[in-house]
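For reference, the structure is listed below as C-alpha cells.
Since every read-out is calculated from the coordinates, none of them should be taken as a lab result. The model shown is predicted, which means the values in this text are computed figures rather than measured ones. As a convention, Cβ positions derive from the backbone with ideal geometry for all residues, glycine included, and neighbour counts pool all protein chains shown.
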Amino acid sequence: MGGIYDDNMIDVLKAGAASVLPGWGMAPDTNVSLLTVSENATFLATDPNSGAKLILRVHRPGYHTRAEIESELAWINALRAADVVDTPKPRLRSDGSLVAEFDQGGVSRHVVAFDFMSGSEPSADEALVDGFFKLGAISARLHGHARQWTRSVNFVRKSWTFDTTLGANPHWGDWRAAPGLDADGLELLERLCSHLDQKLSTFGMGNDRFGLIHADLRLANLLVDGERLGVIDFDDCGFGWFGYDFAAAISFIELDPIIPALKEAWIEGYKTVAPFSASDAAMLDSFVMLRRLLLTAWIASHPETPTAQEMGTGFTAGTLQMAQDYLTAEGAK
C-alpha cells in the first residue's frame with residue numbers, strides 16, 4: 001500500500017487510535033486492527049477480556065472540520081432517536097465529547113467511535129434487487145427526516161452540487177487527472193460536463209428535490225444481517241439532490257446488467273414511503289453519470305487507496321463508455 005496510507009502510516013494511525021481508547025472505556029491492551037482504508041482509515045477495537053467491540057474512524061486530515069464531524073454525528077443521533085434507520089450509535093467519551101484527537105507529526109487527527117454492527121456487505125447478485133427495494137424505502141425515510149428536522153445553528157456539512165463535484169470547486173479533485181484519459185476522452189467528458197451542468201441547473205435545487213442526504217449509500221456502507229439492512233458511514237453526508245442517493249448506491253457497479261432492475265426496485269421501495277415523481281425518476285441516469293465522473297476524480301486524487309489501485313485505467317474506460325451511451329440517449333451533441 002503506497003502513498004499517504006502506506007503500511008508505516010497505518011501503524012502510526014493504529015497507535016494513535018489506541019492512544020485515545022481509554023476515553024471510550026476500553027482496556028489498555030485492547031487489540032486494534034485495520035478494517036478499511038478509503039477517505040479515512042477505519043479500525044476494529046476488541047477488548048481481549050470482555051470481548052467488547054468498537055469501530056474507530058480516523059479522519060483524513062484536511063477534509064472535514066471538527067464542526068462538520070460533530071454535525072454528522074448529530075444527524076445520526078437524531079435519526080436513531082426517531083427510529084428512521086438501523087445505524088450504529090456514536091459513542092460518547094468519558095468527558096462527554098464525541099470526537100477525540102491525537103497528534104501525528106504535528107497534524108491533528110480526529111477520531112470517532114461507533115458501536116459495532118453485525119452483518120456483511122451485500123453481493124451484486126439477484127438477491128440485491130430485494131435489498132434495493134428496502135434501500136429505496138430507507139432513502140425515503142432519510143429524506144423525509146431531513147426535510148422536517150430542525151438543525152442546530154452550528155450544523156455544517158458540505159454541499160454536493162455541480163460546482164463542488166465536477167465544477168470549479170471540487171471536493172474530490174479534478175476528473176481531468178483520471179488515469180489513462182487521452183485527448184479524445186477529455187473532449188468527450190468536457191461535453192458531458194457541459195450537458196450535466198445545464199441539466200442540473202434546469203432541474204434546480206428546490207426543497208422537494210435537494211436537501212440533506214447520506215451521499216454514499218454504496219454496497220460497502222450497507223450491512224445485511226438476516227432481514228435487517230443496516231446503514232453505516234455518514235462521512236459524506238451533506239446537501240445534495242435526493243436522487244443522488246440512488247446514484248451513490250450503485251457506485252462501482254454502474255455497468256452491471258442488474259442496474260435497471262435495481263433502479264426499478266429502488267424507486268418502488270421509495271414510493272412505499274414517499275412520492276417519487278416521474279421527473280425525479282427521469283433524472284436518475286443523470287445523477288448516476290454525475291456520480292461516476294465524481295468517482296473518476298476521486299480515484300485520480302486518492303491513488304494510494306486500495307480501491308483506486310484496483311480500478312485503475314479500466315475505470316476511466318468504463319466512464320468513457322457510460323458518457324458516450326448517456327449523451328447518445330440524451331440526444332446531446
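Observations on the model:
- Out-of-range pairs (alpha-carbon distance over 30 Å; input 89/271; 271/333; 263/333; 53/263; 199/263): 271/333; 53/263
- Note on the chain: Rg/Rh from Cα positions, Kirkwood definition for Rh, rounded to two decimals, is 0.96.
- Descending semi-axes in Å of the stretch 222-280, equivalent ellipsoid built from Cα gyration tensor: 18, 16, 15
- Here the relative contact order of the chain, from alpha carbon pairs under 8 Å that lie six or more residues apart, stands at 20 percent.
- Pairwise centroid distance, computed over Cα atoms, of the stretch 183-248 with the stretch 297-313, Å: 19
- Check: the chain dipole with +1 on Lys, Arg Cβ and -1 on Asp, Glu Cβ, in debye: 940
- Listed values for the stretch 171-176 are Karplus-derived 3J(HN,Hα) couplings in whole Hz (6.51 cos²θ - 1.76 cosθ + 1.60, θ = phi - 60°), namely 5, 10, x, 9, 4, 5, and x replaces Gly and Pro.
- Take each peptide in 103-114, 65-76, count the other Cβ atoms within 10 Å of every residue, and average; sorted highest first, the result is 65-76, 103-114.
- Cut-off under 5 Å, modelled amide H: who pairs with residue 237 long-range: none
- Taking amide H as placed 1.01 Å from N in the peptide plane, residue 104 has its amide H under 5 Å from the amide H of 109, each at least 5 places away in sequence or on another chain.
- Relative contact order, percent, the stretch 3-115 [alpha-carbon distance under 8 Å, six or more residues apart]: 25
- Kirkwood Rh and Cα Rg combined as Rg over Rh, evaluated for the stretch 5-140: 0.99
- At R0 = 51 Å, FRET efficiency that the Cβ-Cβ distance of residue 121 and residue 168 yields, to 0.05: 0.90
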